[in-house]
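See structure below.
The values are calculated or read from the model by the stated rules, or taken from the named source; none is laboratory data. Source: prediction; values computed, not measured. Backbone-built Cβ (ideal geometry, glycine too); neighbour counts: all protein chains shown. In case anyone asks, the SASA skips ligands and DNA or RNA and just uses the protein heavy atoms, side chains included. Shrake-Rupley method; radii C 1.70, N 1.55, O 1.52, S 1.80 Å.
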Amino acid sequence: MASSWWRWRHGCSWRRAARTPGPGSPGLTGPSGQHPAAAVRAQMSCFYLVKSLTSACLNMYSISRLHHTTSAVFCYSKPRSGEKYTDPFQLGRRYLKGLYEDIRKELLISPIELKEMSEYYFDGKGKAFRPVIVVLMARACNSHYNNSRDVQASQRSIALIAEMIHTASLVHDDVIDDASSRRGKHTVNKIWGEKKAVLAGDLILSAASIALARIGNTTVISILTQVIEDLVRGEFLQLGSKENENERFAHYLEKTFKKTASLIANSCKAVSVLGCPDPVVHEIAYQYGKNVGIAFQLIDDVLDFTSCSEQMGKPTSADLKLGLATGPVLFACQQFPEMNALIMRRFSLPGDVDRARQYVLQSDGVQQTTYLAQRYCHEAVREISKLRPSPERDALIQLSETVLTRDK
């Protein structure tokens, strides 16, 4: 883990700090001679931009001046529950035994071909990232509220529903993107065709809706139906683009929230509502999920440039080929303004994708996007640390660091 944080300089520009701050310290000080209050105001001004992605328009010029000089990540917190600590995924899976079998039971349908398509991605070979977060959050909130060590049946159902909504969105995304591989195998649309793939995604979504209705909590139903709306709006945002450079990053982060983070944030909120009546806890759960979800997608966008197809289970540079300008591209554009023309024509001319990739790799776009993800993870840890200590709370802290170090 990196032992040094960053020093504030010139707006949103950073450099290594001369000292190592203690646990929980923001680690940001003003430049030599700057009044401490001014440094704090400057620090909070920029951090607010990172924190409030949907309520403020980010200034691309300011945020693009984040400088990051190491690929290591910060160790934000240590487990403090007093109990023996366990790997977050190992701990989460304890409450998810039979997850995919239960999902397949929700998809007991005919004809056989539609059943095969709907079950295709529920093969149990993934990490179940979203269900793990959901059950860990459920237990962390239950423990915080009444020291309960159980996961309610309705809370576990949210984990299933979250995975079903996510998978349905993947099936639909692959149709829109004309993708041919995912998770190391052919996509549904590649095997069965686009029309049938759309129907398979719709069926998974309808099965998730039925499971949600069975929970019988109107607040939870409202929370999770917001996810479906956000997925659609996020896809529309991705289909468009902004000519104004200062609007592009806000557009990108809003799309990232709606397509990726909303599901995690609202699923975490849903299980907190089922386990605890305190709205403060609901907001903690939501904010943790939102920040981890955005960080997860930022790192995913980094891996599109730094990982290989075998690791990712899908082609790399895929976003460029789809005409999408993600974080590394937007940051790189500040060092190479000639990328603006490529972005505006969505990398559509021969050689555009290769040129853009080279610009990104020659810039510090990857490092700056990684650092932005670190800031989101730090905010997630700050939120979840408000809950009482428990193994599950500590696992969520550790999971936020896992998001930053993953390679696929």
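Structure summary
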{"quantity": "Residue 118 vs. criteria more than 20 Å from residue 399 (Cα to Cα), at pLDDT 50 or above and open to solvent by 60 Å² or more (accessible area, probe 1.4 Å)", "calculated": "no"}
{"quantity": "Test: residue 125 is in a loop (DSSP other than H, G, I, E, B), of a type in the set (D, E, K, R) and either closer than 24 Å to residue 234 by Cα or out of contact with any Gly (no Cβ under 7 Å at 6 or more places or on another chain) (or both)", "calculated": "yes"}
{"quantity": "Looking only at the range 338-375, and only at residues there that are assigned to a loop (DSSP other than H, G, I, E, B) and among the polar types (S, T, N, Q), the one that is least open to solvent (accessible area, probe 1.4 Å)", "calculated": "363"}
{"quantity": "Test: residue in the range 263-284 that is touching a Lys or Arg at 6+ places or on another chain (Cβ under 6 Å) and within 24 Å of residue 247 (Cβ to Cβ)", "calculated": "yes"}
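Table: residues versus (1) in a loop (DSSP other than H, G, I, E, B); (2) under 16 Å from the mean Cα position of the chain (by Cα); (3) modelled with pLDDT of 95 or more.
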position: 287; (1), (2), (3): no, yes, yes
position: 292; (1), (2), (3): no, yes, yes
position: 301; (1), (2), (3): no, yes, yes
position: 304; (1), (2), (3): no, yes, no
position: 314; (1), (2), (3): yes, no, no
position: 332; (1), (2), (3): no, no, yes
